[in-house]
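> I have a structure here, written as structure tokens, and I will follow up with some questions on it.
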Amino acid sequence: MLGKLRSSQKGQARRSIKVGIPKFLNIWGTAPFWVGFFDSLGMKVVFSSDTSEEQYRTYGKGRITMDSCFPVKALAGHIGELLHKDIDILFVPMIYSLPSFLRGHVMDTLCCTRVMMAPENIKAGFLKEKDEFKERGIKYVSPFVPFGEPELLPKYLFEGLKPAVEDLTYEEVVEAVKEGFASLEEFDKSMREKSLEILRWCVKNNRPALLVLARPYHMDPGIGHEIDAEFQLYGYPVLWYNYLPIDKWLLDWLGISLDISDVWTSSYSSNTNEIIWGAKFASRFPWITGVIRLSSYECGMDQPTFTPAQRIVESSGTLFFKFGELDETKPAGSVKIRVETIVYYLEKYSQDIIKRKLSRLGEVPKELTL
Ligand code: SF4
């Protein structure tokens, strides 16, 4: 009780500390954790904007010290933008592993190595001529973050933040990590409920839906170029693989579990594992009649997943469409033409696909028809 009181007093004193977090890579998918974590410590989070060509051109270009995929290079724009905001700490976590719903069913939940090393690589561009963080009085904090081993998080986060927040205690960080996970869990739960609601609507109205298989950061309009939104304009509900419902009654009906070892044996990479699992879900769920696969140019991690994901999806007759090689600039014209073509196929074949997939399953569970 006394501890809580002390930390809340400190929390009040810290309300003036603003923590800038670039909205890049796997911050997509973990942002609610960081909001809950810093809120518990009494600090205010300021996120950078979504990625955009303008942000990258204004703040990022010329800072890149290595060749990489655009999702990594875009970090330079986010950091540059935050340096122009009123912040005290720039928090750029090196996320090593992720908190995945597949944990316990897969070998590991690691991030791509480029994701983990992006903060160090991009930081170099802001130190080339002078220390731009120091010059602006901003403390740069970049702790190692193994979400896959939650028991280690307080140690790494405490060690990373302590030099920037002198009165910080280890006990406070332990509490803040719990708050962070609670906030993330709550967010994920609400997103899964939303997805279930959409699927119920599809069942009730016998309407097809689409599933996106991508990396979480393809939700960023400047990385995924809002291709999912183009389909929504044609009236197709679009779901994302990482927020699909995982209720037991639903998975039992579909005849799948959270195990992917039948189709993916080296299940180390978190996003990859979830993409493969999403492909299995899409291949079974009758009203998901098409899958949209998004991938960035120069993504070595995605290459080995293309064929298995496509085969899993197409084995059930579900349509599969790939937008690979996404880069800095949105190819607006060609995206529009491709979307129009895909919509033609969806309209032509969706009802047959629904019927065929339904014929392989038992009676639709009552929970889906609520
Ligand atoms: S998974 Fe692909 S797109 Fe993402 S950081 Fe790694 S190489 Fe880049």
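> Of S266, S52, which has the most accessible area and how do the rest follow, probe 1.4 Å? It would help to have the intermediate numbers written out before the result.
Working: S266 65, S52 45 Å².
The ordering from most to least exposed comes out as S266, S52.
> Using a 1.4 angstrom probe on heavy atoms only, work out the carbon and sulfur share of the accessible area of segment 192-368 in %.
Numbers: 3910 of 7440 Å².
Exposed carbon and sulfur together represent 53 percent of the surface.
> Let's test the formula: R0 of 25 Å, r as the Cβ-Cβ distance of E186 and F144. What FRET efficiency results, to the nearest 0.05?
E(calc), rounded to 0.05, equals 0.45.
> May I ask for the percentage of alpha-carbon pairs in segment 284-370 that lie more than 14 Å from each other? It would help to have the intermediate numbers written out before the result.
On the way: 2630 of 3741 pairs.
Summing the P(r) of segment 284-370 above 14 Å gives 70 percent of all pairs.
> Rolling a 1.4 angstrom probe over the protein chains, ignoring ligands and nucleic acids, what is the accessible area of R338 in square angstrom, nearest 10?
The value for R338 is about 90 Å².
> Follow-up. So what are the ³J(HN,Hα) numbers for segment 71-81, from phi and the Karplus equation (6.51, -1.76, 1.60; θ = phi - 60°), rounded to whole Hz, Gly and Pro as x?
x, 6, 4, 4, 4, 4, x, 5, 5, x, 5
> Could I ask something else about it? Between A279, A229, A31, where does the largest GNM mean-square fluctuation fall for the chain, given springs only between Cα atoms within less than 10 Å?
A229
> Leaving ligands, DNA and RNA out of it, rank W201, W240 by accessible area with a 1.4 Å probe, largest first.
So, going from the largest accessible area down, we get W201, W240.
> Between S359 and K134, 0.36 nm times their residue separation minus their Cα-Cα distance comes to what? If you can, show how the numbers build up before the last one.
On the way: separation 225, 0.36 × 225 = 81.00 nm, distance 6.44 nm.
This chain segment gains 74.6 nm when fully extended.
> Kindly write out, for segment 300-308 in residue order, the coupling ³J(HN,Hα) from the Karplus curve 6.51 cos²θ - 1.76 cosθ + 1.60 (θ = phi - 60°), rounded to whole Hz, with x marking Gly and Pro.
x, 5, 7, 3, x, 8, 4, 5, x
> Please compute the length gained on full extension between T265 and E367, using 0.36 nm multiplied by the number of residues separating them and subtracting their Cα-Cα distance.
Details: separation 102, 0.36 × 102 = 36.72 nm, distance 3.24 nm.
Using 0.36 nm per residue and subtracting the Cα-Cα distance, I get 33.5 nm.
> Which value, in Å², gives the accessible area per residue of segment 192-368 when a 1.4 Å probe is used on the protein heavy atoms? Numbers along the way, then the final one.
On the way: 7440 Å² over 177 residues.
Heavy-atom accessible area per residue stands at 42 Å².
> Find the accessible area per residue for segment 2-185; the probe is 1.4 Å, ligands and nucleic acids are left out, and the unit is Å². All intermediate terms of the calculation are to be shown ahead of the outcome.
On the way: 8090 Å² over 184 residues.
On a per-residue basis, segment 2-185 sits at 44 Å².
> Only Cα pairs within less than 10 Å get springs; with that Gaussian network setup on the chain, which residue of A332, A76, A164 has the largest fluctuation?
A332
> Next question. Grab the beta carbon distance between K248 and E314, set R0 = 35 Å, and tell me the FRET efficiency rounded to 0.05.
Working: r = 27 Å, r/R0 = 0.78.
My answer for the efficiency is 0.80.
> Oh, and also: Return the sequence-ordered ³J(HN,Hα) values of segment 24-31 in whole Hz as given by the Karplus equation 6.51 cos²θ - 1.76 cosθ + 1.60 applied to θ = phi - 60°, using x for Gly and Pro.
10, 5, 7, 5, 5, x, 10, 3
> Right, something else. If a paramagnetic tag sat 7 Å from the Cα of S16 along the Cα-Cβ line, which residues of segment 134-176 would have the backbone N under 19 Å from that point?
136-139, 164-168
> Roughly to the nearest percent, how much of the accessible area of segment 2-185 is carbon and sulfur, given a 1.4 Å probe? Kindly include the intermediate steps, with their values, before the conclusion.
On the way: 4170 of 8090 Å².
So the carbon and sulfur contribution to the accessible surface is 52 percent.
> Sticking with this one: Amide H of I288: which non-local residues (sequence gap of 5 or more, or other chain) have their own amide H closer than 5 Å, using H built in the peptide plane?
Under 5 Å from the amide H of I288 lie the amide H atoms of A209, each far enough along the sequence or on another chain.
> Here's another thing I want to ask about it. If one computes P(r) from the Cα atoms of segment 2-185, what percent of pairs lie at distances over 31 Å? Walk me through the intermediate numbers first.
On the way: 2577 of 16836 pairs.
Of all Cα-Cα pairs in segment 2-185, 15 percent lie more than 31 Å apart.
> Hull surface divided by four, with the convex hull built on the Cα atoms of the chain: how many nm²?
Working: hull surface 76.7 nm².
That works out to 19.2 nm², a quarter of the Cα hull's surface.
> How many nm is it between the label spots at M66 and Y297, if each spot is 7 Å from the Cα in line with the beta carbon?
Result for the modelled spin labels: 2.0 nm.
> Rounded, prolate or oblate, given the Cα gyration tensor of segment 192-368, with a/c below 1.5 counting as rounded? Don't jump to the answer; show the numbers that get you there.
On the way: a/c = 1.73, a/b = 1.22, b/c = 1.42.
Cα axes put segment 192-368 in the oblate bin.
> What full-extension length gain, to one decimal in nm, is calculated for E193 and I337 as 0.36 nm per residue of separation minus the Cα-Cα distance?
48.5 nm
> Return the single residue from K130, K357, K322 with maximal mean-square fluctuation; model: Gaussian network over the chain, springs between Cα atoms under 10 Å.
In the Gaussian network model the winner is K130.
The values are calculated or read from the model by the stated rules, or taken from the named source; none is laboratory data. Fair warning: this is a prediction, and the values are worked out from it, not measured in the lab. Cβ sites come from the backbone with ideal geometry, for glycine too, and all protein chains shown count toward neighbours. For accessibility, only protein heavy atoms count, side chains too; no ligands or nucleic acids. Shrake-Rupley method; radii C 1.70, N 1.55, O 1.52, S 1.80 Å.
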